Amino acid sequence: MAAATCRLYLITPPRIEDPAAFARTLDEALAAGDVAALQIRLKDQPDELIGRVTHEVRPLAQARGVAVIMNDRPDLAARMGCDGVHVGQEDAAYAEARRAVGPGGIVGVTCHDSRHLAMEAAEAGADYVAFGAMFPTSTKEAKTQAELKLLTVWQQVMQTPCVAIGGITPANVRQVAAAGADFVAVSAGVWRHPEGPAAAVSALNAEIAKGLSERG
């Protein structure tokens, strides 16, 4: 049996005023520890700004082996050379997202606290399903709260990877990794960390390793 894994999945801050400055901060964060993916999540921002951010961060992330995922916008994901797209229940349908990024692209689907929605997405062909919010979060208004045991049950019965999202920080990521998350999605827990994003990435990876050692 393959060893259990759990990796960090970064989400950009909801607002980025200076794409070049953010790219420098991101590069330092990526150098500080293992990161599997970066989601560009800039809700209600103009396409021109999203394009500028993507132009800055996509090459440096991909050069480090980090998959670049566009939030909500399959069209921009395909046009801007991203590795995939993440769609919510109220965003583009899975089929539309898959057509846009192709069979080799990554398509992730938000499933809130619903194993039923997650199973539907997995059966449709989603590359991962996302559960949350795991904890209270200031990044967005969470519609649901997912229990840690949902990760455990999913890990026991399904092959499709699961992402835990919502309020995850170095202080609580250990229990999320122990519960069964394949990936932990973090935004404010990195960008608002008191010691800086690079320190946050390092601390998150250390705590994830402890959680994996506890996974039964």
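The values are calculated or read from the model by the stated rules, or taken from the named source; none is laboratory data. As the structure is a computational prediction, the values presented were derived from the model and not from experiment. Virtual Cβ from ideal backbone geometry, glycine too; neighbours counted across all protein chains shown.
Would you mind finding the one in Leu42, Leu60, Leu38, Leu30 that is touching a Leu at 6+ places or on another chain (Cβ under 9 Å) and touching a residue at least 40 places away in the same chain (Cβ under 8 Å)? Reasoning before the result, please.
Working: Leu42 fails: touching a residue at least 40 places away in the same chain (Cβ under 8 Å); Leu60 fails: touching a residue at least 40 places away in the same chain (Cβ under 8 Å); Leu38 fails: touching a residue at least 40 places away in the same chain (Cβ under 8 Å).
The conditions single out Leu30.
Among residues of the range 84-114 being among the polar types (S, T, N, Q) and over 18 Å from Val186 (Cα atoms), the one that is surrounded by the fewest Cβ atoms within 10 Å (Cβ to Cβ) is Gln89.
For the range 27-54: of the residues being closer than 20 Å to Gly166 by Cα and hydrophobic (A, V, I, L, M, F, W, C), which is surrounded by the fewest Cβ atoms within 10 Å (Cβ to Cβ)? First the steps, then the outcome.
As a first pass, look at the range 27-54 and keep what is closer than 20 Å to Gly166 by Cα: 29, 34-44.
Those still in the list that are hydrophobic (A, V, I, L, M, F, W, C) too: 29, 35-38, 40, 42.
Working: Ala29: 23, Val35: 24, Ala36: 18, Ala37: 23, Leu38: 26, Ile40: 27, Leu42: 20.
Per the criteria, the residue is Ala36.
In the set Ala200, Ala181, which member is in a loop (DSSP other than H, G, I, E, B) and either closer than 20 Å to Met119 by Cα or in contact with a strand residue (DSSP E or B) (Cβ under 9 Å, 6 or more places away or on another chain) (or both)?
Numbers: Ala200 fails: in a loop (DSSP other than H, G, I, E, B).
Step by step, each of Ala200, Ala181 is checked, and only Ala181 is in a loop (DSSP other than H, G, I, E, B) and either closer than 20 Å to Met119 by Cα or in contact with a strand residue (DSSP E or B) (Cβ under 9 Å, 6 or more places away or on another chain) (or both).
Please tell me if Gly81 is surrounded by fewer than 16 Cβ atoms within 10 Å (Cβ to Cβ), at positive phi and of a type in the set (Gly, Ala, Ser). Here the answer is yes, as Gly81 does meet what is asked. Scanning the range 137-152 for residues that are loosely packed, with under 15 Cβ neighbours inside 10 Å, modelled with pLDDT of 95 or more and not basic (Lys, Arg) turns up just one, Glu147.
Given the structure, is Arg24 basic (Lys, Arg), surrounded by fewer than 16 Cβ atoms within 10 Å (Cβ to Cβ) and more than 24 Å from Val173 (Cβ to Cβ)?
Numbers: basic (Lys, Arg): yes; surrounded by fewer than 16 Cβ atoms within 10 Å (Cβ to Cβ): yes; more than 24 Å from Val173 (Cβ to Cβ): yes.
Criteria met by Arg24.
Out of (1) out of contact with any strand residue (DSSP E or B) (no Cβ under 8 Å at 6 or more places or on another chain); (2) within 18 Å of Val35 (Cβ to Cβ); (3) hydrophobic (A, V, I, L, M, F, W, C), what's the single condition that is false for Val190? Here Val190 clears every test but (1).
Would you point out the residue of the range 55-71, among those that are outside any strand (DSSP E or B) and buried (at least 22 other Cβ atoms within 10 Å of the Cβ), that is nearest to the chain's Cα centre (by Cα)?
Quick first cut of the range 55-71, residues outside any strand (DSSP E or B) only: 55-66.
Cutting the leftovers down to buried (at least 22 other Cβ atoms within 10 Å of the Cβ) gives us 57, 61, 66.
Working: Val57: 15, Ala61: 14, Val66: 11 Å.
Among residues in the range 55-71 that are outside any strand (DSSP E or B) and buried (at least 22 other Cβ atoms within 10 Å of the Cβ), the one nearest to the chain's Cα centre (by Cα) is Val66.
Just wondering, is there one or more residues in the range 169-177 that are among the small types (Gly, Ala, Ser) and either modelled with pLDDT of 95 or more or crowded, with 20+ Cβ neighbours inside 10 Å (or both)? Scanning the range 169-177, I find at least one residue that is among the small types (Gly, Ala, Ser) and either modelled with pLDDT of 95 or more or crowded, with 20+ Cβ neighbours inside 10 Å (or both), so the answer is yes. Of everything listed in (1) within 15 Å of the chain's Cα centre (by Cα); (2) outside any loop (DSSP other than H, G, I, E, B), the single unmet condition for Ala95 is (1).
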